[in-house]
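The values are calculated or read from the model by the stated rules, or taken from the named source; none is laboratory data. Being a predicted model, the structure only gives us computed values, none of them experimental. Ideal geometry is used to build each Cβ from the backbone, glycine not excepted, and the neighbour counts take in all protein chains shown.
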Amino acid sequence: MKLTLSWLKTHLETSASLTEIANTLTRTGLEVENVHDPAAQLEDFIVAQVIDAAPHPNADRLQVCMVDTGAGAPLQVVCGAPNARAGLKTVFAAPGTYIPAKKFTLGKGVIRGVESLGMLCSASELELPGDADGIMELPEDAPVGAVYAQWARLGDPVIDINLTPNRPDAAGVSGVARDLAAAGLGVFKTQPPTPVEGAFPCPVGVKLDFAADDAYLAPLFALRLVRGVKNGPSPAWLQDRLRSIGLRPINRLVDITNFLTFDRSRPLHVFDAKKVKDDLVVRRAREGEELLALDGKTYKLDPEMVVIADLAGPLSLAGVMGGEASGCDEQTTDVLIESALWDPHNIAHTGRKLGIVTDARYRFERGVDPAFALPGLELATQLVRELCGGEASKIVVAGAAPQGTRVVDFPFGETKRLTGLDIENDEATTILTRLGFAVAVIGEGRASVTAPSWRPDIEGKADIVEEILRIKGVDEIVSTPLARMEGVAAPVLTPLQKRIRTARRALAAQGLVEAVTWSFVSEKQAQGFGGGNPTLKLANPIASELSDMRPSLLPGLVAAAGRNAARGFADSALFEAGQIFLGEDEKGQRIAAAGLRRGLATAQAEGRNWATPTKRAGAYDAKADAFALLQALGTATGGMQVIGGAPAWFHPGRSGTLQFGPKAVVGYFGELHPRLLMELDVEGPIAAFEIYLDALPAPKAKATRTKPQLELSDLQPLSRDFAFIVDREAQAGELLKAVLGADKALIADARIFDVYEGAGVPEGKKSIGVAVTVQPREKTLTDVEIDALARKIVAEAERKSRATLRA
Amino acid sequence: MTDLTELEQETLRQIEAADNEAALDAVRVAALGKKGAISALLATLGRMSPEERKTQGAKINALKDVVTERLAARRAALENEALEARLKSETLDVTLSPPSSALERGRLHPLSEVMDELTAIFADLGFAVAEGPDIESDDYNFTKLNFPEGHPAREMHDTFFFQPGPDGRRKLLRTHTSPVQVRTMLTQKPPIRVICPGRTYRCDSDQTHTPMFHQVEGLVIDETTHIGHLKWVLEEFLKAFFEVKSVNLRFRPSFFPFTEPSMEVDVQCRRQGGEIRFGEGEDFMEILGCGMVHPNVLKNCGLDPDVYRGFAFGVGIDRLAMLKYGMPDLRAFFEADVRWLRHYGFRPLDFPTLAGGLSG
């Protein structure tokens, strides 16, 4: 919402400065986004006259002008404008003047050997509309020596208010003035319009043609004819008003409606009566109807929209935009002025559907003052008669303005209850009264407060409190400590929340860098990682590559690794922890942590180095990350199975599934499928894992934090190494399990220290070295006992894994 | 007893002369071994008279002790020499570095760090962390929050929608974390103190807007809270978050459908180069929106607005991070450029705590 200071002052008697006004507006809830004072930056520009213009001795396109600036002797100015000529009145800038458009301060200069003591200016150099090719041409009566901006009446500052949608009343200058007056910044002086007596009945009838339950679409439609008008360009004051807020003057009749839209937040419409055939009917549009609107575009209408029509069809789109065919132009002699009320939702819907944004729609969809529909029509009539002459008819009214007033039973104590502020009842009453509320005391500390018709946002007690508070000043609120909870603060995070934050730090501690990628991915990415479900597709994605809710964190990370590689960072180690979407309902949103490694970014090192062999990150790195995460989360992995193979986005032979049973999968790891990477245009190999944090078993709830008793043996553990030969396809994990199971009491640990294929090992076989730690429990083991245990281990390995001891 | 004296001198000379462990051991064997000279002398004690044994015994034992002691000393000296010699040959190029540790390489995204900071601050004030789904119903995202159907305020939210389901209703991506407030009020009895951090979405993209961003909202519902408490909480929160001694806030009346009265809050600051300093300067920067929870919202969530009241506020987490840590461009948050992540990211053990200071 834009208004100018002088416009404001037609509604507000005030001596307040521009700054005070702007600050008060912001302080009371009409946030001033910008104040543009065009005169402020132009106060050094002077009206001057060229006395003499002679060709520049050293340049064809330049002239040397003698300029009368109204102060002292004429000054010599070199000028390049073709229209510089003797006698011309124009705008002069002396050295030291800041030139807004050029963003520099003018200095004295010597141009091609001739001294220049200033500059003659074009409109564009002053950031004013106009010709950039030549210097400004002022009328002959422009007074030499005057400040140009003052003479040209540019000095009207424009205030731009960022209007909140609850304040349609402030979409009119008068409404803004009312707020300022309530805030103590002057006297609100807007008077209600005086009715214009109708000289004859309105010859055009109006019918609201709606089914009973559709009546809400157009509660009121008022119309009046003014005949014998003379249309044409508006007087300067009206053109200036409209231009000052960026509107284009068109003709008197149209300008009057635009003026009242901004002056009183009362949109009106004018029809050229001669272009209207028969009576007006307000009705739903019919399927297939079209309207060529005032913006020159033809809109297809549908029965959701309301139109004003005559026999020939729609003339105007109710509350949104008029039609071209019935518009007023210079030839108009008889004008029909419409003032109506429309259903805000319907106007919003129509505007949205047709993509039309107008000042009328803006106000109707927020809610205009229903009580001002008829006074607004009177005011418009007044202006039409003032500017265009003519004779007004009586007003024809169809429907009626809704009568209900909004009355709030308001206990004055509510202000204290919600704000903590003590405001005297009298003061509250004064504030409300100034804002147009009617306050009637109905008991001890209680009042019946009637909202003014122009405030559709007032509903209840809290709204009244807000009115009092915003005028009193929210800065008055006293900061009051919130009572602290008793004792030491209790923990506030849920187990899953703790798990996520631990996961992040654990993965970062693994050397992975955390990324935050979009929750949406492309359809191709979604499908590649098990998604693509139509219920998880956005109906209105912002871009085609952000169309599907991600089924996994991996597509985002893969794309990120690809982008980093394209920038020259081939070795990347990334992770993300966050939501993934496996279904559109609440349960379908899951929490995962995933990571990937590409290039030489292994768990041990990143890039080549002298100390460790150069190695590409592979499935085991991903597995190490996944297990580091599970360990950090305290997940009991004892019962967890590692199964070869993973979903289709993984390499079939170099991937695994982590699960606590076939229906309790907690995640996957491995190399990503080379074909998928190729389709996603990311060079592999990439090793990755994804763990579903919300699928991990919860730790057992225990009554105390006491850890189980630590049992330490005084007997030395001993270690024995075994080299087994197994089939190449055999799984080391199985062998290890067999070994560990050979004697659960004595075998404390077994780990694989070597895996070997090649010379010395039969074709199709591999050798696995297992180091077994034996912990004697009650007494030192004898050689015989140790040998017996070793035989048991070998027998178990043979029975369960078909392993033989390597010769 | 010149024999003993001679034996002593000779043995000690040999000990000193021994220049390696083997030679020294030979001296030991010759003196103290089974057939050694001193052992032989000790063997004669048994045949002596008690008196002779007393004098001679003491002397021979003294000799044995001296020799033993000198042997040990010489052995220690030889070992020391050998070690010194070995150490001289053992040198490393200490300018070579081992591969960087994982702790050195890993980083947390600044958003994660800031969320942990927020949690630490609000946990101290007794706020729990509430969460909800990103895919929401129109009812929870708008209607229950007092956005009337077709109201322009809905339009301002640039909502992402899904295709309508079998019931004709279309789900949407939440445009704010306020539906979590609704969920909290529907399931918990006051007093309520929660913050609701999370991802939010709007169909908008330019220099300062991304289609996905992060928001934290706060909600307090009880029977005593008013705007004065809201002001205090925001002041304390911003002071703690920006780690400054004071902040100066400017409250402006504003409009949100779900609060009444509603306010926007500007914070006083000074911009200097890429830095923003709070609690000083001439500028006021809009930082958050807040207000008393609208009676209609309370009613929609089953709470009697004449009994319960409270406040809510909302602020962009991304924006908080940018203001505190100086990232100039929001879009970079989601580009996963490792250079950016390493530069603006946090080390794995930079755990924000109130005891240790949020950002150390």
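One residue stands out among those in segment A:528-556 that are of a type outside the set (Ser, Thr, Tyr) and within 16 Å of A:Ile686 (Cα to Cα): the one that is nearest to the other protein chains (Cβ to nearest Cβ), which is A:Gly556. Being under 17 Å from A:Leu354 (Cβ atoms), out of contact with any Gly (no Cβ under 8 Å at 6 or more places or on another chain) and modelled with pLDDT under 95 holds for only one residue in A:Asp295, A:Asp278, and it is A:Asp295. Please work out if A:Arg499 is at the interface with another protein chain (Cβ under 9 Å from one of its Cβ atoms) and of a type in the set (Lys, Arg). Answer is no for this residue.
For residues in segment B:102-115 being modelled with pLDDT of 95 or more and either farther than 30 Å from A:Asp625 by Cα or in contact with a Pro (Cβ under 9 Å, 6 or more places away or on another chain) (or both), which is surrounded by the most Cβ atoms within 10 Å (Cβ to Cβ)? Checking each candidate, the answer is B:Leu108. Pick from A:Ala742, A:Ala807, A:Ala771, A:Ala723: which is without any contact (Cβ under 8 Å) to a residue 40 or more places away in the chain and either among the small types (Gly, Ala, Ser) or over 24 Å from A:Gly639 (Cα atoms) (or both)? Sole residue among the options that is without any contact (Cβ under 8 Å) to a residue 40 or more places away in the chain and either among the small types (Gly, Ala, Ser) or over 24 Å from A:Gly639 (Cα atoms) (or both): A:Ala807. Taking segment A:557-583 as the search range and keeping residues that are buried (at least 24 other Cβ atoms within 10 Å of the Cβ) and outside any strand (DSSP E or B), which one is nearest to the other protein chains (Cβ to nearest Cβ)? Going through the qualifying residues, I end up with A:Ala560. The residue that is nearest to the other protein chains (Cβ to nearest Cβ), counting only those in segment B:153-183 that are outside any loop (DSSP other than H, G, I, E, B) and surrounded by 22 or more Cβ atoms within 10 Å (Cβ to Cβ), is B:Leu173. Taken over segment A:721-743, the criterion of being more than 59 Å from the chain's Cα centre (by Cα) and in a helix (DSSP H, G or I) is satisfied by A:Ala738, A:Val739, A:Leu740, A:Gly741. A Cβ distance below 9 Å, combined with a sequence gap of six or more or placement on separate chains, defines the contacts here; from segment B:13-39, residues that are in a helix (DSSP H, G or I) and of a type in the set (Val, Ile, Thr) reach residues that are surrounded by fewer than 16 Cβ atoms within 10 Å (Cβ to Cβ) and at pLDDT below 90 in the pairs B:Val29/B:Lys35. Of all residues in segment B:57-75, those being in contact with a helix residue (DSSP H, G or I) (Cβ under 7 Å, 6 or more places away or on another chain) and farther than 12 Å from B:Glu8 by Cα number 4. Annotation: B:Leu96 fulfils all but one of (1) surrounded by 21 or more Cβ atoms within 10 Å (Cβ to Cβ); (2) at the interface with chain A (Cβ under 10 Å from one of its Cβ atoms); the unmet one is (1). Number of residues in segment A:383-401 that are touching a Pro at 6+ places or on another chain (Cβ under 6 Å) and on the phi < 0 side of the Ramachandran plot: the value is 2. Test of understanding: among A:Glu545, A:Glu584, which residue is in contact with a Phe, Trp or Tyr (Cβ under 8 Å, 6 or more places away or on another chain), of a type in the set (Asp, Glu) and more than 19 Å from A:Phe689 (Cβ to Cβ)? Testing whether each residue is in contact with a Phe, Trp or Tyr (Cβ under 8 Å, 6 or more places away or on another chain), of a type in the set (Asp, Glu) and more than 19 Å from A:Phe689 (Cβ to Cβ) leaves just A:Glu584. Got at least one residue in segment A:488-496 being in contact (Cβ under 8 Å) with a residue 60 or more places away in the chain, at negative phi, touching a Gly at 6+ places or on another chain (Cβ under 6 Å) and within 11 Å of chain B (Cβ to nearest Cβ)? Checked segment A:488-496: no residue is in contact (Cβ under 8 Å) with a residue 60 or more places away in the chain, at negative phi, touching a Gly at 6+ places or on another chain (Cβ under 6 Å) and within 11 Å of chain B (Cβ to nearest Cβ). Where strands (runs of 3 or more DSSP E) fall entirely within segment B:233-291, those with at least 3 residues that are aliphatic (A, V, I, L, M) are at B:259-272. Is there a residue in segment B:226-247 that is away from every other protein chain (no Cβ under 14 Å), under 32 Å from the mean Cα position of the chain (by Cα) and aliphatic (A, V, I, L, M)? Checked segment B:226-247: at least one residue is away from every other protein chain (no Cβ under 14 Å), under 32 Å from the mean Cα position of the chain (by Cα) and aliphatic (A, V, I, L, M).
Of everything in segment B:335-358 that is more than 10 Å from chain A (Cβ to nearest Cβ) and of a type in the set (Gly, Ala, Ser), the residue that is farthest from A:Arg567 (Cα to Cα) is B:Ala355.
When you scan segment A:445-455, do you find a residue that is closer than 30 Å to B:Phe251 by Cα, surrounded by 13 or more Cβ atoms within 10 Å (Cβ to Cβ), at the interface with chain B (Cβ under 8 Å from one of its Cβ atoms) and among the hydroxyl-bearing types (Ser, Thr, Tyr), even just one? Checking segment A:445-455: not a single residue is closer than 30 Å to B:Phe251 by Cα, surrounded by 13 or more Cβ atoms within 10 Å (Cβ to Cβ), at the interface with chain B (Cβ under 8 Å from one of its Cβ atoms) and among the hydroxyl-bearing types (Ser, Thr, Tyr).
For segment A:390-413, the criterion of a residue being assigned to a helix (DSSP H, G or I) and over 21 Å from A:Phe188 (Cβ atoms) is satisfied by at least one position.
Regarding A:Val474, is this residue under 34 Å from the mean Cα position of the chain (by Cα), within 10 Å of chain B (Cβ to nearest Cβ), closer than 30 Å to A:Leu696 by Cβ and not basic (Lys, Arg)? Against the criterion (under 34 Å from the mean Cα position of the chain (by Cα), within 10 Å of chain B (Cβ to nearest Cβ), closer than 30 Å to A:Leu696 by Cβ and not basic (Lys, Arg)), A:Val474 does not qualify.
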